[in-house]
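> This is the structure I have questions about; it appears just below.
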Amino acid sequence: MGPQGRPRDPEVDDRITRAAAEVFGENGWHRFTVDSVARRAGVGKASIYLRWPNKEALLAAALAARLNGIEDIDTGSVRDDLISLARQIQRSYLGESGRAALQLRVDAQRVPEVRDHFHRLQESQVLAARAVVRRAIDRGELRPDTSVTLLLDCVCGGVMNHVLATPPHLRDQVAAGADQYATALVDFVLTSTRT
């Protein structure tokens, strides 16, 4: 044991960030407290304060650990790329930290500490999605005059609308059918953009 005390336990860090994402997703920023996170994680408040100085830093760390951006996709097929993109977006909002991702969209404008994380997530999605469409145009899979914005609004917006319109009691059912929905949505959108 060095001058800094015992090393942090990664399992405790994981429990705390999971609990923080859950509490934020369920309650939003105004009811997000270190007390509620500590209770959910089964740790003392001191364990949290040893790791993060305040609730803003705790939430920022939880979002960074639990919410990932969209990975760049290049399978060589616009259909497969867009299906993969749609699936990644669905997983972001229907997965374990999906409620936190949805709540982040609401609270990002009010909470400066999480705003940057939200913008990074949003930017990663936009950059990956635009690259998919531009490569497809370059490969001749889509017409040269294809509107990148409109195509992505249809795919990404369709996924988001599907997720947002899902009542809480049907989330598991929608998550189970996510792959089929992504495929059907992309096939529908691509019928109007093919060369």
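> Counting residues that are under 20 Å from residue 157 (Cα atoms) and of a type in the set (A, V, I, L, M), which helices (runs of 4 or more DSSP H) fully inside region 54-126 reach at least 2?
78-94, 98-107
> Of all the residues that make up region 66-100, how many are touching a Phe, Trp or Tyr at 6+ places or on another chain (Cβ under 7 Å) and surrounded by fewer than 16 Cβ atoms within 10 Å (Cβ to Cβ)?
The total comes to 0.
> Taking residue 19 as the residue in question, decide whether it is assigned to a helix (DSSP H, G or I), of a type in the set (Gly, Ala, Ser) and surrounded by 19 or more Cβ atoms within 10 Å (Cβ to Cβ).
Here the answer is yes, as residue 19 does meet what is asked.
> To continue, here is another question. Please find, within region 153-195, the residue that is farthest from residue 78 (Cα to Cα) out of those that are surrounded by 15 or more Cβ atoms within 10 Å (Cβ to Cβ) and more than 17 Å from the chain's Cα centre (by Cα).
Ranking the qualifying residues of region 153-195, first place goes to 181.
> Right, something else. Hey, could you check region 139-152 for residues that are open to solvent by less than 50 Å² (accessible area, probe 1.4 Å) and in contact (Cβ under 8 Å) with a residue 40 or more places away in the chain and say which is farthest from residue 101 (Cα to Cα)?
By that ranking, first place goes to 140.
The values are calculated or read from the model by the stated rules, or taken from the named source; none is laboratory data. What you see is a predicted model, and the numbers here were worked out from it, not measured in a lab. Backbone-built Cβ (ideal geometry, glycine too); neighbour counts: all protein chains shown. Just the protein is used for accessible areas: all its heavy atoms, side chains included, with ligands, DNA and RNA removed. Shrake-Rupley method; radii C 1.70, N 1.55, O 1.52, S 1.80 Å.
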